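Below you'll find the structure, written out as structure tokens, and then a few comments.
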Amino acid sequence: MIALSDRAAAIAAGKAKAIQVITSQTRMLALNATIEAARAGDTGRGFAIVAQEVKGVSAEIGQLASEMATELTAALDELRAVGRRMAQDVRGQRLADLCLHAIEIIDRNLYERTCDVRWWATDAAVVAAAAEPVPEILAEAQRRLGVILSAYTVYLDLWICTPEGRVVAHGRPNRYPSVRGLDVSREPWFQQALASGSGDDYAVADVTRSAALEGAPVATYAAAVREGGQTHGRPIGVLGIHFDWEPQARAVIEGVRLSPDEAARSRVLLVDARGRILAASNRRGELSDRIALDTKGRRSGVEHNTDGRTTAFHLTPGYETYRGLEWAGVIIQEPTQNDAA
């Protein structure tokens, strides 16, 4: 639409200019005819009248051409503006849809983590270790956790904790030797899991770097280990599982389907409820910087700055029993040269 408007404007301007050239030539001919009629005296009087009429018609044509050019220019400018707004809206909605797709993938992924932790908290070896943390039982629980980790590569480690908050067994003792004996009693995920009402409940913490796991960023999920592995059994410990955040988030961010041109001028982000950057396509500011995301109470939206920058976002929709943590997918896109113009 914009290209056709530009073409129509160019054609209209060219034709109007051609008409002005013709009317200018016509007025010159009329002037010459008037001069010749004056020289001819009475015999040229009729030609003088015709010359005046031609001059008048030429002036009217010139005026009409000028008005046409002005009106067409205004109409085509308006049409171009409408086309740009439509293109901007379409691009913005597409970016918001891409944000939704990214955060939906994260939600579905993290929903599976909530299922894992509740399931593994009922594993016989885990329940036995929480009920009777003696060396031979803990060794079997540790072996069992190692088997789980070998099959579920999205985790860095799994921890069995006592009700007092001490880690008594974990899945990777060789890789993380300082974990056993660690005090996690002040961790919100531990406290929430221990205080949960049933085996259907779980706790989740925002992404943070774990010093015990060599500073790796993790999303931690936890559930109470209950007596007898029963849904409403008495809590006898806590199972904490540490999701390996960085590679999983990187795969989601890099999977956003932008063209090479768009990717070069776009920043794809996952942010938490406070605007803290959890993952960024350019890696800048991860787990340190924040962005000011004004949602205006909307779950999804697009904002266009005066400088042409577009910011699209979509808050977490949740998945199944996972309500999400009000995280959002965000794309900040710089304008093209044509948009800037």
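Structure values in brief
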item	result
Which numbered condition Asp183 fails, given (1) touching a Gly at 6+ places or on another chain (Cβ under 9 Å); (2) in contact (Cβ under 8 Å) with a residue 40 or more places away in the chain; (3) more than 28 Å from Thr316 (Cβ to Cβ)	(2)
Any pair with Cβ under 7 angstrom, 6 or more apart, that starts in region 280-293 at a residue that is of a type in the set (D, E, K, R) and ends at one that is assigned to a loop (DSSP other than H, G, I, E, B)	Arg290/Arg274; Arg290/Gly275
Positions within region 54-85 being surrounded by fewer than 13 Cβ atoms within 10 Å (Cβ to Cβ) and either at pLDDT below 75 or under 15 Å from Ile19 (Cβ atoms) (or both), in sequence order	Glu60, Gln63, Glu67, Thr70, Glu71
Residues located in region 196-208, provided they are closer than 22 Å to Asp183 by Cβ and either at pLDDT 95 or above or not charged (D, E, K, R) (or both)	Ser196, Tyr202, Ala203, Val204, Ala205, Val207, Thr208
Sole residue being over 15 Å from Trp327 (Cα atoms), acidic (Asp, Glu) and exposed (fewer than 13 other Cβ atoms within 10 Å of the Cβ), chosen from Asp294, Asp261	Asp261
Residue check, Ala273 part of a helix (DSSP H, G or I), among the aliphatic types (A, V, I, L, M), surrounded by fewer than 19 Cβ atoms within 10 Å (Cβ to Cβ) and modelled with pLDDT of 90 or more	no
Positions within region 103-138 being free of Cβ contacts under 8 Å to residues at least 12 places away in the same chain and acidic (Asp, Glu), in sequence order	Glu112, Glu132, Glu136
Residue check, Ala212 under 15 Å from Ala130 (Cβ atoms) and crowded, with 18+ Cβ neighbours inside 10 Å	no
Verdict on Gly46 being loosely packed, with under 12 Cβ neighbours inside 10 Å, out of contact with any Cys (no Cβ under 7 Å at 6 or more places or on another chain), assigned to a helix (DSSP H, G or I) and modelled with pLDDT of 75 or more	no
Among the residues listed as Ile253, Ile236, the single one being aliphatic (A, V, I, L, M) and either part of a loop (DSSP other than H, G, I, E, B) or in contact with a Pro (Cβ under 8 Å, 6 or more places away or on another chain) (or both)	Ile236
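The values are calculated or read from the model by the stated rules, or taken from the named source; none is laboratory data. All of these numbers come straight from a predicted model, not from anything done at the bench. Cβ sites come from the backbone with ideal geometry, for glycine too, and all protein chains shown count toward neighbours.
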